[in-house]
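Note sheet for the following structure.
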Amino acid sequence: MGIVLILLMILPGRQGWQRAVRMAVPQARRLRKPMQPVCRSRCGDAAAPLRDHGACPIPPARTAPAAATWLGLAFVLVWCTGYIAGKQVVAHAAPFTALLWRFGLTALCFALAAGPARLRALPRAQLTRSAVAGVLMLALQFGGVYAAFALGTGSGVAALVIGAMPLLVAWASPWWGGARLRAAQWLGMALGFAGVATVAADRIDGATPWGGWLALLVGLFGIAAGTLYQKRHAAQLDLRVGLAVQNAAATLLLLPLAAWEGFRFQASGGFVAAMAWLVLVNSIGGFALLFLLLRRGAATQVASLFFLMPPVTAVFGHVLLGEHLTALKLCGFALAALGVWLAGRAR
């Protein structure tokens with residue numbers, strides 16, 4: 001074949017070159033074999049063809065569930081401390097005034113971290129979406145819960161109502177672009193809520209006023225709708241910019257309510273210490289973790305972590321405040337953990 005090509009190429013004019021090219025191109029196509037990808041990670045044989053990515057001992061995709069698990073664990077531990085610190089703050093300040101301090105200082109911290117250039121570069125549409133998420137997840141959720149406490153609602157009733165949030169998110173998720181849950185995941189949701197009810201059972205009484213129930217329903221709607229809205233419309237925004245806008249929006253909404261309370265608070269050491277913890281650990285750390293979890297995973301799986309909040313808070317209350325930890329609460333903890341595991345299983 002090579003001799004024929006050489007003879008054609010030495011023919012006079014362009015005719016020989018054209019014939020040589022027409023014969024050489026199909027021949028090259030027949031001789032060329034596709035190269036197989038090679039595994040270049042820490043597999044034992046770097047030259048082995050990578051027929052199946054799953055054959056590699058350390059595929060990149062398998063690190064995501066482990067990272068999500070650690071993020072979820074850190075989120076639960078950080079978030080639960082907010083209930084302990086929140087009790088201390090409300091003892092020294094009116095509820096909406098306490099929230100005004102908390103969200104205002106958090107907004108300032110995130111704004112300083114983001115810088116004026118990033119804040120000015122935020123498009124108006126994304127600014128509006130972040131503000132809506134802040135009103136739902138911050139102002140309505142915590143405003144409703146703190147108002148219920150101010151009206152005399154017990155912590156057990158509040159834990160039970162807010163503990164229904166994952167069920168509401170799972171039910172509404174298909175209308176917000178999420179996937180429907182499987183039967184095993186619905187079973188996990190039911191077990192998780194049963195765990196919450198078991199933990200809160202000994203703190204529920206019949207003296208809750210109707211205003212307290214209404215305030216808790218507002219808080220439940222806020223956290224459920226905010227979780228779905230954040231996942232769909234604001235999860236990919238820069239974390240510092242998004243949380244600065246969300247906390248600023250919640251601060252502006254609560255400002256008239258705090259003024260109605262007369263901005264009442266006691267500048268004591270207990271108030272300052274608890275507020276510093278709420279801002280630096282619970283708001284900055286907790287909401288940053290929630291932001292990342294919603295960016296990485298489904299809203300229903302993230303929401304199922306809230307089933308663990310009452311049991312873990314009960315453990316913290318036992319360790320930090322000396323509250324009694326019964327066997328019934330430990331059973332509720334186990335039910336909630338099993339429910340979260342089932343609800344968070346891969347589809």
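The values are calculated or read from the model by the stated rules, or taken from the named source; none is laboratory data. Since we're looking at a predicted model, the values are computed, not measured. No Cβ is skipped: glycine too gets one built from the backbone with ideal geometry, and neighbour counts run over all protein chains shown.
Quick one: would you say Leu342 is farther than 18 Å from Thr69 by Cβ and surrounded by fewer than 23 Cβ atoms within 10 Å (Cβ to Cβ)? Break it down into steps so the answer makes sense when it comes.
Values: farther than 18 Å from Thr69 by Cβ: no; surrounded by fewer than 23 Cβ atoms within 10 Å (Cβ to Cβ): yes.
So Leu342 does not fit the description; no.
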Exercise for the section: Kindly provide the set of residues from the stretch 262-290 that are small (Gly, Ala, Ser) and in contact with a Gly (Cβ under 9 Å, 6 or more places away or on another chain), ordered by number. Expected result: Ala274, Ser283, Gly286
Fill in the blank from the handout: Exactly one of Arg129, Arg120 is crowded, with 16+ Cβ neighbours inside 10 Å and of a type in the set (Lys, Arg), and that one is Arg129
Practice task
Would you be able to say whether some residue in the stretch 280-296 is out of contact with any helix residue (DSSP H, G or I) (no Cβ under 7 Å at 6 or more places or on another chain) and over 25 Å from Gln185 (Cβ atoms)?
Solution key: yes
Exercise for the section: Give me the pairs, please: first residue somewhere in the stretch 288-312 and closer than 16 Å to Ile223 by Cα, second residue anywhere and of a type in the set (Phe, Trp, Tyr), beta-carbon distance under 7 Å, and either six or more positions apart or on two chains. Expected result: Leu289/Phe75; Leu290/Phe75; Leu293/Phe75; Leu305/Phe75; Phe307/Phe193; Met309/Trp79
Handout entry: Condition broken by Arg180, with the remaining ones in (1) surrounded by 22 or more Cβ atoms within 10 Å (Cβ to Cβ); (2) among the basic types (Lys, Arg); (3) outside any helix (DSSP H, G or I) satisfied
Key = (1)
Exercise for the section: Go through the stretch 134-174 and count every residue that is surrounded by fewer than 21 Cβ atoms within 10 Å (Cβ to Cβ), among the aromatic types (Phe, Trp, Tyr) and under 19 Å from the mean Cα position of the chain (by Cα). Expected result: 1
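Within the stretch 185-216, which residues are among the aliphatic types (A, V, I, L, M) and modelled with pLDDT of 80 or more?
Taking the stretch 185-216 first, the residues among the aliphatic types (A, V, I, L, M) are 187, 189-191, 194, 196-197, 199-201, 204, 207, 214-216.
Hits for the stretch 185-216 are Leu187, Met189, Ala190, Leu191, Ala194, Val196, Ala197, Leu214, Ala215, Leu216.
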Completion exercise
Going through (1) out of contact with any Gly (no Cβ under 9 Å at 6 or more places or on another chain); (2) closer than 20 Å to Val218 by Cα; (3) among the hydrophobic types (A, V, I, L, M, F, W, C) one by one, Ala113 fails only at (2)
Completion exercise
All conditions in (1) more than 24 Å from the chain's Cα centre (by Cα); (2) at pLDDT below 90; (3) acidic (Asp, Glu) are true of Glu261 except (2)
